Amino acid sequence: MKHALRARDWAGEWRFAALAGATAGSALAPLAPPDPSLAAAGALPIAAIGLAALRPGDGARPTAALTWLALLALVATLAGFLIGGARVRAIDAGALRARSGAQVSLTGFVAGVPRRSRGDVEVRVDSPGGRVLVIAPEPVAELPVGSEVRAEGVLEKPEPWRTAYLRRQGIAMTLRTDRIDESPGGRRGLTGWIDEVRLRAERALGRGMPEREAALARGFVLGEDDRIDPRTREDFQRSNLAHLLAVSGENVILLGVLAWPLLALLGLPLRARLIGTLCLIAIYVPVTGAGPSIQRAGVMGAAGLIAALADRPRSRWYAVLLAAAATLALNPRADRDVGWQLSFAAVIGIMLWSKRLTGLVAGDADRRSARRALAEAIAVTTAATVATAPLMAAAFEQFSPAALPANVLAAPAVAPAMWLGMLTGIVGQAPFLPVEPFNWLDSLCLAYIAQVAHWLAAPGWASLTVHLGSTWAVASAYAALVVGMEFTLRWLRAGLELRRDRRPSPKDAPVAFASEASGLLRRMAGWPALALLTAAIGAAVLMPFRGQAALSPPTSLTVRVLDVGQGDSILLDPPDGDAVLVDTGPAEDRVEDRLRELGVDRLAAIVITHNQSDHAGDLGPVLGSVRVDRLVYGRDDPRLRAAALASGVEPYRLAEGGELDSGGLHLTALWPPRELLHDTGQDPNLLCLVLVARWRHFSMLLTGDAEAESVPIDPGAVDVLKVAHHGSEDAGLDRLLERSVPRLAVISVGAGNPFGHPDGRTLADLDEHEVPTLRTDSDGEIDIEADGSRWTVGPGAG
């Protein structure tokens with residue numbers, strides 16, 4: 001009888017085994033060959049029939065049931081592998097493919113929220129020929145998802161750093177164009193109806209609300225974050241609140257919580273409310289773009305509601321597995337998406353720790369009390385933040401000590417902001433109904449969250465660089481994290497129980513903790529687990545923090561403002577790419593000698609901001625002493641082109657919106673516009689290349705000789721400003737300082753120069769804005785080291 005009961009319990013797990021196998025097979029599907037063998041495809045139905053015939057009955061022994069479950073999981077893995085492989089091929093077949101460099105004109109529909117970054121707009125477009133990423137320089141008008149667009153440009157293969165990301169979206173090529181024109185048409189059918197719902201909600205969220213809060217509301221509710229101010233976006237990233245700007249599982253949960261009482265007010269019975277909430281989720285997921293994390297949340301929410309409709313107890317772990325299986329069935333490459341990984345990590349962390357954390361924080365508080373509700377919010381936030389920390393370090397090489405306080409402080413306003421935004425989106429489907437009262441209240445919540453993000457992003461310690469460079473490092477960090485959390489929770493619980501029983505003695509807590517720890521170790525299977533614990537903690541100590549320098553070389557960007565007298569020459573040397581030299585200074589200062597001293601024998605590019613002797617000097621010795629991949633310049637110049645071709649270097653034209661990359665270093669041109677590049681009659685200073693260099697969280701504005709009073713640029717906030725034209729008088733500098741708020745200014749200028757540089761008014765403007773200033777004439781070479789989370793001025797400034 002005992003064996004039969006156990007057999008029935010194991011046999012009842014067949015759904016779980018089949019789902020686990022199918023999930024594993026789908027995850028492996030990207031490795032499937034283009035044409036699987038007929039033997040593998042033919043074996044699948046035979047194996048399925050055999051499994052059905054051999055399924056153990058109620059009286060079978062446990063070993064027979066376990067063997068059958070294992071075989072079932074293997075067959076499901078094969079099925080997931082084959083079906084997922086077919087799905088991968090179907091996704092890839094939907095991509096536009098053509099000869100790189102081909103000039104094409106296409107019409108299609110916007111398939112995702114446009115991304116605006118570093119002067120470019122990137123738009124996913126579904127065209128009759130396939131999916132393609134269209135890239136155009138700003139300004140580009142708002143392009144609602146589903147709107148019809150036209151573009152003409154050159155097809156290119158995507159850069160290596162974005163190839164995998166685009167491949168997950170079924171995109172194989174990019175189209176570079178000068179403009180994107182919107183047509184009056186739009187998608188039809190069900191997708192067209194969803195587009196209309198989204199557009200009405202988007203318009204409603206902008207009525208009666210300040211611009212910043214309206215952009216945040218669209219990000220919170222619809223995932224449309226393309227209009228959020230760069231400074232606000234950076235605040236949310238540094239404080240680890242950026243997850244609020246993208247729809248996720250939290251949105252689905254809050255939608256269900258909001259829908260339930262609203263449907264109850266209509267007098268609907270329980271089953272009708274469940275069906276109504278399920279329908280709302282089914283609409284909300286595609287309206288918000290159906291990204292991997294919102295797919296996961298939608299499937300998990302639907303699974304819970306369906307279980308409730310069927311009057312069956314809901315298994316949280318089964319729901320997680322079902323969500324993974326469903327999202328991988330839609331796109332077998334979804335598990336490579338960082339958002340997908342973070343979403344599941346957060347859910348698993350909440351399932352493991354939030355209930356126990358709530359009990360520790362709330363104590364004996366009543367389940368319906370405000371204290372209990374606050375404790376649950378803090379517990380969920382803490383569990384999710386802790387559970388995603390190693391993945392954040394691996395994906396973005398950063399750890400945010402500000403994450404926990406920022407999320408806890410913002411938590412009381414997050415749910416009201418979401419609910420009010422969702423109400424606005426629902427009521428806004430009828431344009432004649434007023435939504436301004438909801439938006440006014442919502443703007444207060446959003447302003448508070450933005451202020452929290454600003455406060456917690458300001459300190460230098462808000463975001464620290466942590467390198468987890470391998471899968472083993474991430475696994476070790478998670479092992480240490482899980483063990484550490486278990487011990488911490490048991491320690492706190494032991495202390496709480498002692499306080500409840502009697503007045504604690506200082507000797508009691510260690511004894512209680514020792515008892516808990518020994519019990520935990522026994523349940524973790526003794527010595528093997530103890531060895532794993534020791535190795536995990538050792539790896540956690542060595543890899544992310546104190547031992548990082550011993551395990552890998554320093555990974556920081558070095559910026560050297562070279563002392564070349566009355567001229568400009570700046571060397572940017574990223575750790576993961578070749579250095580880039582911006583200008584070469586006067587010929588007599590022989591910048592090639594300094595490059596040789598620094599051990600620089602190869603440059604990704606030499607950028608000449610404009611062809612004047614104090615910036616371009618004599619290029620011949622420089623091009624002859626180091627290997628250079630590209631000579632980059634803006635305005636067409638026969639001398640620069642001839643120098644490049646004579647040295648076997650690729651000449652490369654750059655204009656506003658153009659980019660130059662070397663490893664993780666990104667240089668974006670802010671000036672001049674393309675239409676001015678052929679104007680040979682202009683003052684060269686007015687057509688000088690203006691660049692903003694970005695590496696991780698560090699940014700530097702390189703102005704060359706382009707004074708702000710003559711060149712209309714708006715770089716946003718930067719860390720370091722290279723003052724234009726050696727510090728000459730600039731009536732526009734005051735406005736530029738207000739917009740860019742630099743934390744350091746550097747002036748490249750020669751001692752005793754006949755021009756009176758730097759000008760007294762320029763120095764006074766910098767002083768009035770409290771911007772520390774370094775000068776090459778008095779400080780020598782200025783060296784800046786940026787490690788991603790902070791930057792310092794090195795000894796070269798002395």
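The values are calculated or read from the model by the stated rules, or taken from the named source; none is laboratory data. All of these numbers come straight from a predicted model, not from anything done at the bench. In this analysis, Cβ positions are derived from the backbone assuming ideal geometry, glycine residues included, and neighbour counts consider all displayed protein chains. Only protein heavy atoms, including side chains, enter the accessible area calculation; ligands, DNA and RNA are left aside. Shrake-Rupley method; radii C 1.70, N 1.55, O 1.52, S 1.80 Å.
Assorted remarks:
- Take the conditions (1) touching a Lys or Arg at 6+ places or on another chain (Cβ under 7 Å); (2) at pLDDT below 85; (3) among the aliphatic types (A, V, I, L, M); V626 misses just one of them, which is (2).
- Count of region 578-593 residues, restricted to those that are more than 20 Å from L689 (Cβ to Cβ) and in contact (Cβ under 8 Å) with a residue 60 or more places away in the chain, is 0.
- Looking only at residues in region 602-621 that are over 34 Å from the mean Cα position of the chain (by Cα) and among the charged types (D, E, K, R), the one that is surrounded by the most Cβ atoms within 10 Å (Cβ to Cβ) is D614.
- Residue count for region 150-187 under the criterion of being open to solvent by 30 Å² or more (accessible area, probe 1.4 Å) and among the hydrophobic types (A, V, I, L, M, F, W, C): the result is 3.
- Failed item, numbered, when R89 is tested on (1) in a loop (DSSP other than H, G, I, E, B); (2) surrounded by fewer than 16 Cβ atoms within 10 Å (Cβ to Cβ): (1)
Table: residues versus (1) within 30 Å of A242 (Cβ to Cβ); (2) at pLDDT 75 or above; (3) buried (at least 20 other Cβ atoms within 10 Å of the Cβ); (4) over 33 Å from the mean Cα position of the chain (by Cα).
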site	(1), (2), (3), (4)
W440	yes, yes, no, no
L446	yes, yes, yes, no
A462	yes, no, yes, no
L489	yes, yes, no, no
E497	no, no, no, yes
R500	no, no, no, yes
K507	no, no, no, yes
A514	no, no, no, yes
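- When region 627-648 is limited to residues that are open to solvent by less than 10 Å² (accessible area, probe 1.4 Å) and among the aliphatic types (A, V, I, L, M), the one that is farthest from P158 (Cα to Cα) turns out to be L640.
- Here A411 qualifies as more than 19 Å from R231 (Cβ to Cβ), at pLDDT below 85 and assigned to a helix (DSSP H, G or I).
- Condition met for V626 (in contact with an Asp or Glu (Cβ under 8 Å, 6 or more places away or on another chain) and either on the phi > 0 side of the Ramachandran plot or β-branched (V, I, T) (or both)): yes
- Meets criteria (at positive phi, modelled with pLDDT of 80 or more and among the small types (G, A, S)) for G223: yes
- Test for Q429: is it open to solvent by 10 Å² or more (accessible area, probe 1.4 Å), without any contact (Cβ under 8 Å) to a residue 12 or more places away in the chain and out of contact with any strand residue (DSSP E or B) (no Cβ under 7 Å at 6 or more places or on another chain): no
- Residues that are within 20 Å of the chain's Cα centre (by Cα) and of a type in the set (A, V, I, L, M, F, W, C) were ranked within region 658-714; the one that is modelled with the highest pLDDT is A693.
- Filter result for E738 (at pLDDT below 90 and more than 23 Å from L557 (Cβ to Cβ)): yes
- Taken over region 192-211, the criterion of being in a helix (DSSP H, G or I) and charged (D, E, K, R) is satisfied by D195, E196, R198, R200, E202, R203, E211.
- Residue check for D730: of a type outside the set (K, R), within 28 Å of E656 (Cα to Cα), outside any helix (DSSP H, G or I) and open to solvent by 20 Å² or more (accessible area, probe 1.4 Å): no
Residue-by-condition table, conditions (1) open to solvent by 20 Å² or more (accessible area, probe 1.4 Å); (2) closer than 18 Å to L701 by Cα; (3) of a type in the set (A, V, I, L, M, F, W, C):
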site	(1), (2), (3)
A724	no, yes, yes
D765	no, yes, no
E770	yes, yes, no
T773	yes, yes, no
G780	no, no, no
D783	no, yes, no
D787	yes, yes, no
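- Considering only residues in region 699-722 that are touching an Asp or Glu at 6+ places or on another chain (Cβ under 7 Å) and free of Cβ contacts under 8 Å to residues at least 40 places away in the same chain, the one that is surrounded by the fewest Cβ atoms within 10 Å (Cβ to Cβ) turns out to be E709.
- Scanning region 227-253 for residues that are among the acidic types (D, E) and either free of Cβ contacts under 8 Å to residues at least 24 places away in the same chain or not in a helix (DSSP H, G or I) (or both) gives a single hit, D229.
- When R739, R761 are screened for being under 24 Å from D120 (Cβ atoms), part of a helix (DSSP H, G or I) and open to solvent by 10 Å² or more (accessible area, probe 1.4 Å), only R739 passes.
- Filter pass, R167 being touching a residue at least 12 places away in the same chain (Cβ under 8 Å), in contact with a Gly (Cβ under 8 Å, 6 or more places away or on another chain) and within 24 Å of D335 (Cβ to Cβ): no
- Flag for A73 being aliphatic (A, V, I, L, M), closer than 26 Å to P184 by Cβ and at pLDDT below 90: no
- Within region 88-125, tally of residues that are in contact with a Pro (Cβ under 6 Å, 6 or more places away or on another chain) and farther than 30 Å from D229 by Cβ: 1
- Of all the listed residues (G256, G289, G267), the sole one being out of contact with any His (no Cβ under 9 Å at 6 or more places or on another chain), in a loop (DSSP other than H, G, I, E, B), in contact (Cβ under 8 Å) with a residue 40 or more places away in the chain and not hydrophobic (A, V, I, L, M, F, W, C) is G289.
- The residue that is farthest from the chain's Cα centre (by Cα), among those in region 578-593 that are at pLDDT below 90 and among the aliphatic types (A, V, I, L, M), is A587.
- Residue in region 96-111 that is aliphatic (A, V, I, L, M), within 22 Å of the chain's Cα centre (by Cα) and either open to solvent by 60 Å² or more (accessible area, probe 1.4 Å) or under 30 Å from R694 (Cα atoms) (or both) present: yes
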